[in-house]
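The values are calculated or read from the model by the stated rules, or taken from the named source; none is laboratory data. Being a predicted model, the structure only gives us computed values, none of them experimental. In this analysis, Cβ positions are derived from the backbone assuming ideal geometry, glycine residues included, and neighbour counts consider all displayed protein chains.
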Amino acid sequence: MTLIKSISGIRGTIGGTVEDNLTPIDAVKFAAAYGTWIKQQRHKDNYRVVVGRDARISGEMIQSLVMNTLVGMGIHVIDLGLSTTPTVEVAVPMEHADGGIILTASHNPKQWNALKLLNHKGEFLNGAEGKKILEIAESNEMVFAEVDDLGKITKNEAYIDLHIDEVLDLPLVNKKAIEDASFKVVVDGVNSTGGIAIPLLLERLGVHAVKLYCDPTGHFPHNPEPLKEHLGDLAEAVVKHHADFGIVVDPDVDRLAFMDEKGDMFGEEYTLVACADYVLSKTPGNTVSNMSSTRALRDVTEKHGGTYEASAVGEVNVVELMKKNKVVIGGEGNGGIIYPELHYGRDALVGVALFLSLLAEKKMTVSELRATYPNYFMSKKKIQLTPELDVDGILSTMKSNYSHENLTTIDGVKIDFADSWVHLRKSNTEPIIRIYTEAQSQEAADRLADRFIVEIKAVANI
């Protein structure tokens, strides 16, 4: 079991010993460090923080600990209860709050949970801010409020509906075309809050939703990462119900993938490609995704006369480059759509609405739509780390070994070959090295990934 303290939040497994896992003591310590940081940043008389959680089993316990720690610091809490990551992000500025915390471990299995930390804009903290919170946690600088100055908890469970209102008010969401298309869609909510939010959105758009694993119990029916190998039940349900397509999200609803009418994956990398194609056709401009995302976004962007640029991996890095380049849409190839017209955060709800608008206007099947995009194939593999491994040293050696190739080293090592690429990087959220490749066939992408796994193991002597 493990506890990962990084700039992107505090993530760990439930149970076990303090500082080795996400125990109640660790949850309190890092919530207090965040509360202290909020006070250092904002310098006000009254502080407000929005808190929401996905449906994982430990969520209610962790949320109670986090909220009451903030109360103990004199901070008022707006409790969204069961929510989604993008919903909390939307709620922070709507509440004029000083920050937000989402209790979720995203795509990790049920034994994991995490504190994802937001600033007053509802956006993830940058590296310097995250580092400061870690320093506060280790320094015991936290000061708690006296009895007459304790904060209060206010429940507000309307924000999923309010979030949907904001999505439906977007000019590019073609509500009439979607309703006229009479779509039938199967939704895999992985028994988390996507099972609440996505069917509600579809209902508002006049789409018939067939629910699969939409009971928010936190007992994930399959590995919660929305990848092809985990989605056999969804494929079967799409075909059985003669649905137009399938939707799957991760437990906190910031990642989105589609399945076509035949039960084949649209490709999580192509979620952003399709949404960008639609947005760029209406509002020409530039795009950004991270270095581990498909080249297809670059191709589609250039088709519409825009410019594409890649950032380091991590939502905060994508957002920073999006703002710098004033892009109209961006995100991550793992199915994360960031549409600045709504907010600067990955949002499966806005992704669903944009995809439905595109499909309704194109009047074609999902498989036909997929055939209109450049055909790249990705392989996403990983190597489990052990404490004695010198990961930075391994990556440095790989960089030296391929110094004659086109290299990018802002985030690990990315090697661009003429008709393929490989990206090697240490994960921010799991104790692994990620090996992402892309080529012009699945066989070539898998072969390239396997080749680099062998090379890394040889360098590491494992």
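For the stretch 36-59, the criterion of being more than 20 Å from residue 141 (Cβ to Cβ), of a type in the set (S, T, N, Q) and touching a Gly at 6+ places or on another chain (Cβ under 6 Å) is satisfied by no residue at all.
So, in the stretch 396-414, how many residues would count as being of a type in the set (A, V, I, L, M, F, W, C), within 25 Å of the chain's Cα centre (by Cα) and surrounded by fewer than 19 Cβ atoms within 10 Å (Cβ to Cβ)?
Within the stretch 396-414, the first condition is being of a type in the set (A, V, I, L, M, F, W, C), and the residues that meet it are 398, 407, 410, 413.
Pick out the ones that are also within 25 Å of the chain's Cα centre (by Cα) and you get 410, 413.
So of that shortlist, the ones also surrounded by fewer than 19 Cβ atoms within 10 Å (Cβ to Cβ) come out as 410.
Qualifying residue count for the region: 1.
One residue stands out in the stretch 267-290 among those that are in a loop (DSSP other than H, G, I, E, B) and surrounded by fewer than 22 Cβ atoms within 10 Å (Cβ to Cβ): the one that is nearest to the chain's Cα centre (by Cα), namely 286. Selection of first residues in the stretch 313-342 that are under 25 Å from residue 413 (Cα atoms) and of second residues that are among the hydroxyl-bearing types (Ser, Thr, Tyr) and outside any strand (DSSP E or B), restricted to Cβ pairs under 6 Å at least 6 apart or on distinct chains, gives the following pairs, ordered by first then second residue: 313/292; 319/344; 333/293; 333/294; 335/271.
Here is a check on your reading of the model: is residue 100 under 24 Å from residue 351 (Cβ atoms) and part of a loop (DSSP other than H, G, I, E, B)? Here the answer is no, as residue 100 does not meet what is asked. For the stretch 235-283: of the residues being among the basic types (Lys, Arg) and touching a residue at least 24 places away in the same chain (Cβ under 8 Å), which is nearest to residue 191 (Cα to Cα)? The qualifying residue nearest to residue 191 (Cα to Cα) is 255. In the stretch 212-227, the residues that are closer than 22 Å to residue 62 by Cβ form Cβ pairs under 7 Å with partners that are acidic (Asp, Glu), at six or more places apart or across chains, as follows: 224/250; 225/250. For the stretch 415-434, name all the residues that are surrounded by 16 or more Cβ atoms within 10 Å (Cβ to Cβ), of a type in the set (A, V, I, L, M, F, W, C) and either free of Cβ contacts under 8 Å to residues at least 24 places away in the same chain or within 17 Å of residue 400 (Cα to Cα) (or both). Answer for the stretch 415-434, where residues must be surrounded by 16 or more Cβ atoms within 10 Å (Cβ to Cβ), of a type in the set (A, V, I, L, M, F, W, C) and either free of Cβ contacts under 8 Å to residues at least 24 places away in the same chain or within 17 Å of residue 400 (Cα to Cα) (or both): 415, 421, 422, 424.
Could you grab me the full set of residues in the stretch 328-356 that are of a type outside the set (Ser, Thr, Tyr), surrounded by 24 or more Cβ atoms within 10 Å (Cβ to Cβ) and in a loop (DSSP other than H, G, I, E, B)? Result: 333, 334, 335, 345, 346, 347. When residue 98 is tested against (1) touching a strand residue (DSSP E or B) at 6+ places or on another chain (Cβ under 9 Å); (2) among the acidic types (Asp, Glu); (3) surrounded by fewer than 20 Cβ atoms within 10 Å (Cβ to Cβ); (4) assigned by TED's automatic domain parsing to the domain that holds residue 24, exactly one condition is not met: (3).
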